[in-house]
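Here the structure is laid out as structure tokens; the discussion comes afterwards.
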Amino acid sequence: AQSVTQPDIHITVSEGASLELRCNYSYGATPYLFWYVQSPGQGLQLLLKYFSGDTLVQGIKGFEAEFKRSQSSFNLRKPSVHWSDAAEYFCAVGIDRDDKIIFGKGTRLHILP
Amino acid sequence: DAEITQSPRHKITETGRQVTLACHQTWNHNNMFWYRQDLGHGLRLIHYSYGVHDTNKGEVSDGYSVSRSNTEDLPLTLESAASSQTSVYFCASSSGSASGGEQYFGPGTRLTVT
């Protein structure tokens, strides 16, 4: 069955430091992959998505993610975090052509001043 | 600008009551989805619809129902609210074309069942 694993429930980094959030998926075919961000009390906003082609994907707010088929991973990175990046981040995999998505359980990012 | 809205934003109800949460989108999207978000579980799919008069059960559909009478709206009904249904509910929509699954989310409804 399709699944998404985000191994880190919480991550704390200092402002200005680099960030990597991990995501592993299980899916038989080439997946559609997404990262969403949720600020407190808000809905989810799409950061970036991978469908095909270049395995390094650029998103909004300075985020990028790299699709590695051999590792079934789609890790999210940012070279220098800002206090406003504190939020919950969800990795997700699209599991069929009709836009259904399975979400990971999320990683909450805390930023130290 | 196109958007997706949910109402009410907060709701407190009693066990056993019927509750309906509204979702309205102006994207003209074919696909609409309802999720619940609980600590430690992420987002779980309740029901979804691929078009008018189409509805499908998701992962956690027991105790919930939806109906789709037009493109814009997918109301979620809790037939007899239970304390286990205390949660934050999100509605989402997608175009169903070559978008590859990108979903647009509403702001959420926080439901408390006492």
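Values quoted throughout were computed directly from the atomic coordinates according to the rules given, and no laboratory measurement underlies them. All values derive from a computational prediction rather than experimental measurement. When we count neighbours, we look across all protein chains shown, and the Cβ atoms used for this are built from the backbone with ideal geometry, even at glycine.
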Average other protein chain Cβ within 10 Å of Cβ, residues B:26-37: 2
Paramagnetic reach from B:Trp27 in the stretch B:44-58 [backbone N under 17 Å; point 7 Å along Cα→Cβ]: B:44-52
Estimated distance in nm for a label pair at B:Leu39 and A:Leu112, the labels positioned 7 Å out from Cα along Cα-to-Cβ: 2.4
Cβ neighbours within 10 Å from other chains - mean over A:99-111: 5
Descending semi-axes in whole angstrom, ellipsoid equivalent of the protein assembly as shown, from the Cα gyration tensor: 30, 21, 16
Dipole-positive endmost among B:Ser95, B:His24, B:Thr77 within chain B (Cβ charges, Cα centre): B:Thr77
Extension gain (nm, one decimal) between A:Ile60 and A:Ser26, 0.36 nm per residue minus Cα-Cα: 9.7 nm
Distance between the stretch A:83-113 and the stretch B:3-37 - C-alpha centres, whole angstrom: 21
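Rounded if a/c is under 1.5, else prolate if a/b beats b/c, else oblate: with a ≥ b ≥ c from the C-alpha gyration tensor eigenvalues square-rooted, which is the stretch B:28-108?
In terms of gyration-tensor shape, oblate.
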Chain B, dipole about Cα centre (Lys/Arg Cβ +1, Asp/Glu Cβ -1), debye to the nearest 20: 260
Residues B:His29, B:His53 arranged by fewest to most Cβ contacts within 10 Å: B:His53, B:His29
Chain B: antiparallel DSSP beta bridges as a percent of all, rounded to 5: 90
Simple Cβ-charge dipole of the protein assembly as shown, Lys/Arg +1 and Asp/Glu -1, about Cα centre, in debye nearest 20: 320
